[in-house]
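The values are calculated or read from the model by the stated rules, or taken from the named source; none is laboratory data. A quick note: this is a predicted structure, and the numbers were derived from the prediction, not measured. Here the Cβ positions follow ideal geometry from the backbone for every residue, glycine too, while neighbour counts run over all protein chains shown.
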Amino acid sequence: NPVRDRLIHGLFSSNFTWGVATSAYQIEGAWNEDQRGETIWDTFSHEPGRIVDNANGDIACNSYHKIDEDVALLKELQVKHYRFSIAWSRILPDGTLNKINQAGIVYYRRLINALVEAEIEPVVTLFHWDLPQALQDIGGWSNEILTVYFKNYAELCFLEYGDWVKRWITFNEPSIFAKAGHEHGVHAPGLKHQGTTVYRVAHTIIKAHAKVWHTYDNKYRASQKGQVGITLVSSWAQPSTKWQVDIMAAERYLQFEFGWFAHPLMVNGDYPSVMKTQILEKSIGQGLSSSRLPSFTEEEKVLLRGTVDFLGVNYYTTKLISAWRSDAWPPGYEEDQDLKAWHDESWPKSGASWQKCVPWGFRLLLNWVKHEYGNPPIYVTETGVAEKLNDQDEPKLKDVWRVQYFVSHINELLKAYKLDGVNVQGFSAWTLMDNFEWQDGYSTRFGLYHVDFKSPARTRTAKSSAKKYNEIVTGNGFPVPVSKLRYIPQFK
Ligand code: PNW
């Protein structure tokens, strides 16, 4: 679509915040140093056959020992904030207040101090998937007691770091964590429970988020004056035809992915009605006496709604959707939706099979969020593009496809802001540097900086995309007209 693909020029608001994102398990390494407790990702990645090349995050980018180097990269990029995550088990080795690990407390204190010194705002994610193993051993997020442990952990973080941290993200992409970890078994803890655990895990996470928001609201907001949000992700769901059934199927996709969390927290304390009816009907069809989707009590609904100060949105790709009645047995999270989702073969590829580059879908997703949730303050907390790179390969420092990815996607963000009035207040690129890409290990890279995982020094080298991102950041958008952009494919 030529109109959609035209690039505009213009600036974001002067207080718009630019940054980059990482997460603890993906970059820190030092998995067994200084009393850090084990996490479900240590367990999972140490099991042979789980990760490409049997890779793990034992050393990763070694960021635990490289605060100064990492902050130097952030300075070079001239970003205004850095979104990183705290490893729960580094400060609470078994996940509970049984033992507070001072070495862990000190590490994040040093990182935050270094950021503040460099005038870079720390933005902290409390849970980016690395659950303390001891808490998985008592059932993980299926066990509602985790709402209490998560609240205790969050409160410790507010006390320790709330002086400088003013933006807290409780959970990163709980939908991916719930599905990949408990339905498909490709992420830790590696469970494959069709259509059951996935909903229970999400249920606990939603309640845990609200508990933490209320704790901050009641005890810390007045003195610390920060905000508590959550980061959600969805592909944009594009109806494959103009038929009403396909339009409704695309809406179901968005409600199951995004509304699953945003509806209870931002609309009425309860799941989207289409989720409730679909899952109940499928459950009854299985001969169950009640829905596999748990329900909230009236008191819980009151506690859930209105507990998002800002919404973090991650976007990576778009799917075409058509209605499709599923009779797969037993029904799981996918079958519950009665739809098919796929990529158009003509869309530019990335280095990951799950990602095709579809910039216009970003703008459409942001508009859907705006209308669905009453134009909430949005921070885009991640977008970025995958590249395949084997350890033996020469680094591809001229990552033209990534330059184009960021130019085109940030341009769609500018359209959403300037032309559509989406209340977007910041952007974080995924990711600062190549890192442990979950089940793909180090074979898939998203970094603005290349990391040499063969070298003990884990040398970081800027790619072309780092220079382009620096240009966009310092220009606060696109101050001059951008020449027409044509995707140079990474793969033919
Ligand atoms: C995000 N999808 O995960 C995570 O927040 C990051 O930790 C991760 O490294 C990054 O994206 C790249 O994968 C996603 O299938 C995983 O659409 C899968 C999808 C989206 C995001």
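Residues are listed down the side, and each one gets a yes or a no for (1) aromatic (Phe, Trp, Tyr); (2) under 19 Å from Leu432 (Cβ atoms):
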position	(1), (2)
Ile27	no, yes
Asp34	no, no
Gly37	no, no
Ser45	no, no
Asn54	no, no
Tyr64	yes, yes
Are any residues in region 82-115 buried (at least 24 other Cβ atoms within 10 Å of the Cβ), part of a helix (DSSP H, G or I) and touching a strand residue (DSSP E or B) at 6+ places or on another chain (Cβ under 6 Å), and if so, which ones? Trp88, Ser89
Cβ-Cβ under 9 Å pairs, at least 6 apart or on other chains, region 441-454 side in contact (Cβ under 8 Å) with a residue 40 or more places away in the chain, far side of a type in the set (Lys, Arg) and within 12 Å of the ligand (Cβ to nearest atom): Val451/Arg445
Could you look through region 228-246, keep only residues that are surrounded by fewer than 17 Cβ atoms within 10 Å (Cβ to Cβ) and closer than 21 Å to Val358 by Cα, and pick out the one that is nearest to the ligand (Cβ to nearest atom)? Thr241
Name the residues in region 14-42 that are under 30 Å from Asn423 (Cβ atoms) and within 16 Å of the ligand (Cβ to nearest atom), would you? Gly19, Val20, Ala21, Thr22, Ser23, Ala24, Gln26
How many residues does region 310-348 hold that are surrounded by 20 or more Cβ atoms within 10 Å (Cβ to Cβ) and of a type in the set (Lys, Arg)? 1
For region 176-227, give me the residue count where each residue is crowded, with 22+ Cβ neighbours inside 10 Å, small (Gly, Ala, Ser) and in a helix (DSSP H, G or I). 5
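Mind checking which strands (runs of 3 or more DSSP E) fall wholly inside region 338-434 and carry at least 2 residues that are in contact with a Ser or Thr (Cβ under 8 Å, 6 or more places away or on another chain) and within 15 Å of the ligand (Cβ to nearest atom)?
Working: elements: 339-342, 378-382, 424-430.
Of the strands (runs of 3 or more DSSP E) lying wholly inside region 338-434, those with at least 2 residues that are in contact with a Ser or Thr (Cβ under 8 Å, 6 or more places away or on another chain) and within 15 Å of the ligand (Cβ to nearest atom) span 378-382, 424-430.
Could you tell me whether Leu131 is farther than 24 Å from Gly19 by Cβ, within 16 Å of the ligand (Cβ to nearest atom) and hydrophobic (A, V, I, L, M, F, W, C)?
Yes.
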Among what's in region 374-418 and is over 19 Å from the mean Cα position of the chain (by Cα) and closer than 21 Å to Phe310 by Cα, pick the residue that is surrounded by the most Cβ atoms within 10 Å (Cβ to Cβ). Glu412
Would you check if there is a residue in region 292-309 being buried (at least 22 other Cβ atoms within 10 Å of the Cβ), assigned to a loop (DSSP other than H, G, I, E, B) and within 16 Å of the ligand (Cβ to nearest atom)? no
Does region 154-170 hold any residues that are surrounded by 19 or more Cβ atoms within 10 Å (Cβ to Cβ) and of a type in the set (Phe, Trp, Tyr), and which are they? Phe158, Tyr161, Trp168
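Given the options Ser89, Ser13, name the one that is modelled with pLDDT of 95 or more and farther than 19 Å from Arg110 by Cα. Don't jump to the end; show me each part of the working.
Working: Ser89 fails: farther than 19 Å from Arg110 by Cα.
Matching residue, one of Ser89, Ser13: Ser13.
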Residue list for region 237-293, restricted to those being under 24 Å from Trp360 (Cβ atoms) and out of contact with any helix residue (DSSP H, G or I) (no Cβ under 9 Å at 6 or more places or on another chain): Lys242, Trp243, Gln244, Val245, Asp246, Ile247, Ala250
